[in-house]
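Worksheet: one structure, shown below.
The values are calculated or read from the model by the stated rules, or taken from the named source; none is laboratory data. This structure is a prediction, so every number in the text was calculated from the model and none was measured. Don't worry about glycine lacking a Cβ; one is built from the backbone with ideal geometry, like all the others, and counts go over all protein chains shown. Quick note on the areas: whole protein, heavy atoms, side chains included, nothing else; ligands and nucleic acids left out. Shrake-Rupley method; radii C 1.70, N 1.55, O 1.52, S 1.80 Å.
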Amino acid sequence: MSHDRSAYDFAVLRVVPHVHLGVFVPVGVLLHARREGFLGLAALTDEATLATRVPSVDVPLLARYLVTLQRVAAGDATAGPIALAPTSERFHWLTAPRSDVLQAGPVHEGTCVGAPAVTLARLFAEYVSR
């Protein structure tokens, strides 16, 4: 029995409450499977959960940013012009280095069998939900 493996790249989104210290809290995972044309972002957007994890930031603003990034990843035209770019361009824009409270960690690669969305859910559970 043969299973096609799909290559993907992913990054963990993290909140860095005090950028000068470099300490971070994972709040989301972004996954791009180029061959499948898939780009997905799973993130904590519940304000109560975010307030528990990162109480020292503006939680409502952070939640809005995370929802907007999910919309960009999904290609939602109402999220602005970057959401209309091809998936690979959106992935690189979302993972570009930033000196901000919300950052993407290093990009990692992997392979999966089956739907990239299932892998995204697994990575979110492993790196964020735990």
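Among the residues of region 109-130, those identified as in contact with a strand residue (DSSP E or B) (Cβ under 7 Å, 6 or more places away or on another chain), over 14 Å from PHE38 (Cβ atoms), open to solvent by 20 Å² or more (accessible area, probe 1.4 Å) and part of a helix (DSSP H, G or I) are PHE124, TYR127.
Mind checking which residues of region 1-16 are exposed (fewer than 15 other Cβ atoms within 10 Å of the Cβ) and in contact with an Asp or Glu (Cβ under 8 Å, 6 or more places away or on another chain)? Break it down into steps so the answer makes sense when it comes.
Within region 1-16, the subset exposed (fewer than 15 other Cβ atoms within 10 Å of the Cβ) is 1-5, 7.
Correct list: ALA7 only.
Candidates in region 17-32 are the residues that are out of contact with any Leu (no Cβ under 8 Å at 6 or more places or on another chain) and of a type in the set (A, V, I, L, M); of these, the one that is least open to solvent (accessible area, probe 1.4 Å) is VAL25.
Scanning region 98-115 for residues that are under 25 Å from ALA63 (Cβ atoms) and not basic (Lys, Arg) yields SER99, ASP100, VAL101, LEU102, GLN103, ALA104, GLY105, PRO106, VAL107. Residues of region 73-108 being over 14 Å from PHE10 (Cα atoms), of a type in the set (A, V, I, L, M, F, W, C) and either touching a Lys or Arg at 6+ places or on another chain (Cβ under 6 Å) or not in a helix (DSSP H, G or I) (or both), which ones? Of everything in region 73-108, those that are over 14 Å from PHE10 (Cα atoms), of a type in the set (A, V, I, L, M, F, W, C) and either touching a Lys or Arg at 6+ places or on another chain (Cβ under 6 Å) or not in a helix (DSSP H, G or I) (or both) turn out to be ALA79, ALA85, VAL101, LEU102.
Cβ-Cβ distances below 6 Å connect the following pairs, each with a first residue in region 7-23 that is under 28 Å from THR111 (Cα atoms) and of a type in the set (A, V, I, L, M), a second residue that is part of a loop (DSSP other than H, G, I, E, B) and open to solvent by less than 40 Å² (accessible area, probe 1.4 Å), and a separation of six or more residues or different chains: ALA11/GLY105; VAL12/GLY105; VAL15/VAL54.
Which ones in region 74-93 are open to solvent by less than 90 Å² (accessible area, probe 1.4 Å) and either polar (S, T, N, Q) or over 14 Å from PHE38 (Cα atoms) (or both)?
Within region 74-93, the subset open to solvent by less than 90 Å² (accessible area, probe 1.4 Å) is 74-77, 79-80, 82-83, 85-88, 90-91.
Those that are open to solvent by less than 90 Å² (accessible area, probe 1.4 Å) and either polar (S, T, N, Q) or over 14 Å from PHE38 (Cα atoms) (or both): ALA77, ALA79, GLY80, ILE82, THR87, SER88.
Reported count of residues in region 33-72, each being open to solvent by less than 20 Å² (accessible area, probe 1.4 Å) and assigned to a loop (DSSP other than H, G, I, E, B), is 1.
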